[in-house]
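The values are calculated or read from the model by the stated rules, or taken from the named source; none is laboratory data. The model shown is predicted, which means the values in this text are computed figures rather than measured ones. Using ideal geometry, Cβ is built from the backbone for each residue, glycine included, and neighbour counts are taken over all protein chains shown. Accessible surface is based on the protein model in full, side chains and every heavy atom, while ligands, DNA and RNA are left aside. Shrake-Rupley method; radii C 1.70, N 1.55, O 1.52, S 1.80 Å.
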Amino acid sequence: GTKMEVIKVGDTEGHVIQVTESKGVDMRSKNLAVASNTWDLVKGTGTMYGYTTMMEPDGKPTRFLKQEGKVVGSLSPEGKHVISGEGTWTMVKGVGEWQGATGGGTWKMKTVSQGIYVMDWEGELVKP
């Protein structure tokens, strides 16, 4: 599920600030991910920054990551709003076996259907 708050800025047509909370699953590890992001967009294009909490399948937090990047909104051939983007991420804090871990990398995202996105994360996390 996703929570979203949208605030119109008013300085130019289509300029909004969005605050979102999105939930997902890491397809390799089956860990859960909850991303809290702030988006500064003009007609769907702009910047994003926020944090992701990675959790074990039982909901126990293991890693806190910070992400930021650029996103581009467009219309698909079927006339649906789609978004793509890319940016960087860094390790903020680890818990348990991840305590003291460091690292970071890059991410890319794209819309696959209405309200569903795929994010590909690459990089390295090093445990102490």
Pairs please, first residue from the range 35-64 and over 27 Å from SER76 (Cβ atoms), second anywhere and of a type in the set (D, E, K, R) and part of a loop (DSSP other than H, G, I, E, B), Cβ atoms under 7 Å, 6+ apart in sequence or on different chains. PRO57/LYS30; THR62/GLU56
Search the range 7-23 for residues that are at positive phi and pair each with any residue that is open to solvent by 90 Å² or more (accessible area, probe 1.4 Å) when their beta-carbon atoms are under 7 Å apart and the residues are at least 6 apart or on different chains. GLY14/LYS43
Collect the residues in the range 1-17 that are more than 27 Å from THR62 (Cα to Cα) and not in a strand (DSSP E or B), keeping them in residue-number order. VAL9, GLY10, ASP11, THR12, GLU13, GLY14
So which residues in the range 14-68 are among the charged types (D, E, K, R), closer than 24 Å to GLY100 by Cβ and in contact with a strand residue (DSSP E or B) (Cβ under 7 Å, 6 or more places away or on another chain), if there are any at all? ASP26, GLU56, ARG63, LYS66, GLU68
How about the range 88-103: which of its residues are at negative phi and in contact with a Ser or Thr (Cβ under 8 Å, 6 or more places away or on another chain)? THR88, TRP89, MET91, GLY94, VAL95, GLU97, TRP98
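Kindly evaluate THR20 against the criterion of being part of a strand (DSSP E or B) and at pLDDT below 95.
Details: part of a strand (DSSP E or B): yes; at pLDDT below 95: yes.
For THR20, the condition - part of a strand (DSSP E or B) and at pLDDT below 95 - is met.
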Going through (1) under 12 Å from the mean Cα position of the chain (by Cα); (2) at pLDDT 95 or above one by one, TRP121 fails only at (2)
For the range 106-117, does any single residue satisfy the condition of being touching a strand residue (DSSP E or B) at 6+ places or on another chain (Cβ under 8 Å) and over 17 Å from SER22 (Cα atoms)? yes
